[in-house]
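Report on the following structure.
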Amino acid sequence: MKKLLLATAAGALLAGSASAEEIKIGIELGFTGPLESITPAMAQGAELAIAEVNAAGTLLDGAMVTGIRADSTCVDAAVAVANAEKLVTGDHVNAIMGADCSGVTGAILQQVARPNGIVMISPSATSPALSTAEDDGLFFRTAPSDARQGVVMTEVLMDRGIKSVALTYTNNDYGKGLADAFQAAFEAAGGTVTISVPHEDGKADYSAEVASLASAGGEVLVVAGYTDQGGKGIIQNAIDTGAFETFVLPDGMVGQQLVDDIGAGLNGSFGQYPGTDSQGAEIFQGLASAAGFDGTSAFAPESYDAAALIMLAMQAAGSSASADFASKVMDVANAPGVEIFPGELAKAIELLKAGEDIDYVGATAVELIGPGESAGNYREIEIQDGVINTVRFR
Amino acid sequence: MDFLNAIVALANYVLIPATAYGAQLALGALGVTLIYGILRFSNFAHGDTMAFGTMVTILFTWWFQSMGLHFGPLPTALLALPFGIAVTAVLLLGTDRLVFRFYRKKKSDPVILTIVSLGVMFIYNGLVRFVIGVGDQQFLDGERFVISARGFKDATGLDEALALKTTQVLTVVVAVLVVGALFWFLNRTRTGKSMRAFSDNEDLALLSGINPDKVVAVTWIIVAGLVTVAGVLYGLDKSFKPFTYFQLLLPIFAAAIVGGLGNPLGAIAGGFVIAFSEVTITYAWKKVVTYILPDSLAPDGLVQLLTTDYKFAVSFVILIIVLLFRPTGIFKGQSA
């Protein structure tokens, strides 16, 4: 009996040291709820990065990475927190790639990530409030804060000589944050916001909102919403009733689907969304189409970058424990070092192993500033004849 | 001229949209109220049944379009509508057979049936997403406008535009036809009368030889027609997205309860009360007032009673007030 115990114990020890570590990354996005149409591509973006690292098989001496999907619902903080809790305590994930919407992201950060000391990188939470949230150095985002977008949008409008706008936003942390940031920046630059109207997503009817916006007037209508949600409903209604002819579209509103659905009515509308002229975006799109999903889908590149940063930081720290690699995220994301583009994660791991510095550029020209958020490069676009044309980069 | 502008602005932003929305809600509320009146439970699966019926209609519409079949200036979806209704009726009858009948035979409490309908709702919810996906679907074709905003401005020389969409006219016309047919059926035909008898007093109806299975089956078939028509009209006027249809449940129930659950006339009144209260009470009157008053009195503010944030609060306040003073709704319904 004693021998058997010894043998088993020894066997277990041997097995433990011989088999490579298994790393788990939680992918918590709103697979149901208002963002359910863009989250599949986001998750696939993150899983693409994981698959790339697994194919190389070199991370931390041959560790295999598994992505575990969980539902953030985008709107229901209680469900999002419960699912994050399950990821951390049940699945023992090493880090969380997510969440998507600003509200649930803040909730998960405070109630799950901080108490358990788990690193979280969100690909799409853009609320300015997250910049100042207590995060114990655990929270990062590959999306820029909307405080920056408010300033960029003001510049776009001022350059076009537009001084008076009506504003509507989706009534959540994202919409409200962006609307407030924009209104502050626009009024500081001497513009007027005639009215600021929130709208709820997924509702039956937007006549009341459009009626109020039309009554207040303005040269253009700024719509801080989502392409397949209330934002689209508002634009359709405003065009049909002749309330507004030109629309300003921030990041959540730029999408080919919207342009196809609305058609000629969007001619001359303009806006901006996070984007760079870096070659990383193109490379990522190539990788995405090879993997069978749309690489231009909103926040899919940011998701790839978020997952890649988690794994590269682990390699840089030589450990998959959040406490160890949290401090490395900024190092691998920023200069100095060898620039890393999508598809080069294996090369990045080799460089890190050799003790060299890397500067992860990725699909979205990642540059993390301040409290660990993307500095924010924006692509100014204008819609002409059903095509989204890039005007310039800001 | 200014007075005309004021009227046009009001019609364009308040009267026309609220009327179309009201008709959509009324059709939805009619279905809820019929189920409540005859089968005696609140069917939470209603919004998702609408989504299912619309989805089937969309699939047939696409098929017709691919065969080059069109309906002139009217949307092709109208041709596909009967097929949508038929498939939805099969689904509802099947659900009744598999699920609701079991609880009905056991004479379960209405609250149990309501909770069961919640389960059915989630299954329909998944079914629709599984077949057509979660995204937005457009299936409107044909002429979009009866009067377009720009055309109206050019023709009349007014500052304000008036737009009237084909779908808005269609919504109201079809709603009137469907409601007329329903009332004729309930009041004039033998089956309709037996349904009303069943609704008024089940035991007495059974004693006088009314076949309950037939009443239940006919109810589900009518409901299938109502939900599919309501869903398709709504989808044509706005767009189809499963999530939005799920959310429609709330205003539809509010409409049915305000009007008086179980009372078809009340469902229609309730639909319009909810739609008009959402749009008018939160309307910013600045534009209209500026046209009517002389320049010296023109308002600086928005002249808005409540901001649009409160539009849902408004319908629920109306709901509470109605229930406080008339617990059975505006028209006498069956709810106590």
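Couple of notes before you dig in:
- Sole residue being touching a helix residue (DSSP H, G or I) at 6+ places or on another chain (Cβ under 7 Å) and either among the polar types (S, T, N, Q) or touching a residue at least 40 places away in the same chain (Cβ under 8 Å) (or both), chosen from A:Val112, A:Val88: A:Val88
- Among the residues of the stretch B:270-281, some residue qualifies, meaning at least one is at the interface with chain A (Cβ under 9 Å from one of its Cβ atoms), in contact (Cβ under 8 Å) with a residue 12 or more places away in the chain and surrounded by fewer than 24 Cβ atoms within 10 Å (Cβ to Cβ).
- Counted as qualifying within the stretch A:94-199 are the strands (runs of 3 or more DSSP E) with 1 or more residues that are in the same structural domain as A:Gly233 (by TED's automatic domain parsing) and more than 21 Å from A:Ala363 (Cβ to Cβ), namely A:164-170, A:192-199.
- Considering only residues in the stretch A:200-209 that are within 8 Å of chain B (Cβ to nearest Cβ) and in a loop (DSSP other than H, G, I, E, B), the one that is modelled with the lowest pLDDT turns out to be A:Ala204.
- All positions within the stretch B:11-38 that are buried (at least 24 other Cβ atoms within 10 Å of the Cβ), within 15 Å of the chain's Cα centre (by Cα) and of a type in the set (S, T, N, Q): B:Gln24, B:Thr33
- The stretch A:274-332 holds helices (runs of 4 or more DSSP H) entirely within its bounds, and those carrying 3 or more residues that are aliphatic (A, V, I, L, M) map to A:279-291, A:300-317.
- Among the residues of the stretch B:134-151, those identified as small (Gly, Ala, Ser), within 11 Å of chain A (Cβ to nearest Cβ) and crowded, with 17+ Cβ neighbours inside 10 Å are B:Ser148, B:Ala149.
- Residue count for the stretch B:291-305 satisfying the condition of being facing chain A (nearest Cβ under 10 Å) and at pLDDT 80 or above: 0.
- When the test is whether a residue is in contact (Cβ under 8 Å) with a residue 60 or more places away in the chain, surrounded by 17 or more Cβ atoms within 10 Å (Cβ to Cβ), of a type in the set (Phe, Trp, Tyr) and out of contact with any strand residue (DSSP E or B) (no Cβ under 9 Å at 6 or more places or on another chain), A:Phe293 passes it.
- Flag for A:Ala84 being in the same structural domain as A:Lys203 (by TED's automatic domain parsing) and crowded, with 24+ Cβ neighbours inside 10 Å: no
- Selection from the stretch B:203-260 of residues that are of a type outside the set (Gly, Ala, Ser), more than 10 Å from chain A (Cβ to nearest Cβ) and free of Cβ contacts under 8 Å to residues at least 24 places away in the same chain: B:Asp203, B:Leu204, B:Leu206, B:Leu207, B:Ile210, B:Asn211, B:Pro212, B:Asp213, B:Lys214
- Test: residue in the stretch B:242-258 that is at pLDDT 80 or above, in a helix (DSSP H, G or I) and more than 30 Å from B:Ala181 (Cα to Cα): yes
- Filter pass, A:Ala375 being crowded, with 20+ Cβ neighbours inside 10 Å and closer than 14 Å to A:Arg141 by Cα: no
- Residue-level check: of (1) outside any helix (DSSP H, G or I); (2) at the interface with another protein chain (Cβ under 8 Å from one of its Cβ atoms), A:Ser212 misses just (1).
- Qualifying residue in the stretch B:28-42 (condition: of a type in the set (D, E, K, R) and within 14 Å of another protein chain (Cβ to nearest Cβ)): no
- Counted residues, the stretch B:313-336 - those being part of a helix (DSSP H, G or I) and touching a residue at least 60 places away in the same chain (Cβ under 8 Å): 6
- Test: residue in the stretch A:222-234 that is more than 12 Å from chain B (Cβ to nearest Cβ), under 30 Å from B:Ile147 (Cβ atoms) and free of Cβ contacts under 8 Å to residues at least 60 places away in the same chain: yes
- Whether a residue is surrounded by fewer than 15 Cβ atoms within 10 Å (Cβ to Cβ) and of a type in the set (Phe, Trp, Tyr) was assessed, and B:Phe102 passes this test.
- One residue alone among B:Val131, B:Val111, B:Val172 is more than 13 Å from chain A (Cβ to nearest Cβ), of a type in the set (Val, Ile, Thr), in a helix (DSSP H, G or I) and closer than 21 Å to B:Ile222 by Cα, and that residue is B:Val172.
- Check on A:Glu187, of a type in the set (Asp, Glu) and more than 22 Å from the chain's Cα centre (by Cα): yes
- Any hit, the stretch B:228-240, residues being over 13 Å from the mean Cα position of the chain (by Cα), among the charged types (D, E, K, R) and in a helix (DSSP H, G or I): no
- With respect to the conditions (1) among the aliphatic types (A, V, I, L, M); (2) outside any helix (DSSP H, G or I); (3) away from chain A (no Cβ under 14 Å), B:Leu98 falls short on a single one, namely (2).
- Subset of the stretch A:247-273 [under 27 Å from A:Ser145 (Cβ atoms), within 14 Å of chain B (Cβ to nearest Cβ) and either among the polar types (S, T, N, Q) or not in a helix (DSSP H, G or I) (or both)]: A:Gly255, A:Gln256, A:Gln257
- When B:Arg144, B:Arg101 are screened for being at pLDDT 90 or above and of a type in the set (Lys, Arg), only B:Arg101 passes.
- Residue that is outside any loop (DSSP other than H, G, I, E, B), touching a residue at least 24 places away in the same chain (Cβ under 8 Å), crowded, with 17+ Cβ neighbours inside 10 Å and touching a Gly at 6+ places or on another chain (Cβ under 7 Å), where the choices are B:Ser117, B:Ser199: B:Ser199
- Within the stretch A:347-394, tally of residues that are over 16 Å from the mean Cα position of the chain (by Cα) and polar (S, T, N, Q): 3
- The numbered conditions (1) among the polar types (S, T, N, Q); (2) more than 27 Å from A:Gly286 (Cα to Cα); (3) surrounded by fewer than 22 Cβ atoms within 10 Å (Cβ to Cβ); (4) away from chain B (no Cβ under 14 Å) are all true for A:Thr66 except (2).
The values are calculated or read from the model by the stated rules, or taken from the named source; none is laboratory data. What you see is a predicted model; the values in this text were computed from it and never measured. Cβ: placed from backbone, ideal geometry, glycine included. Neighbour counts: every protein chain shown.
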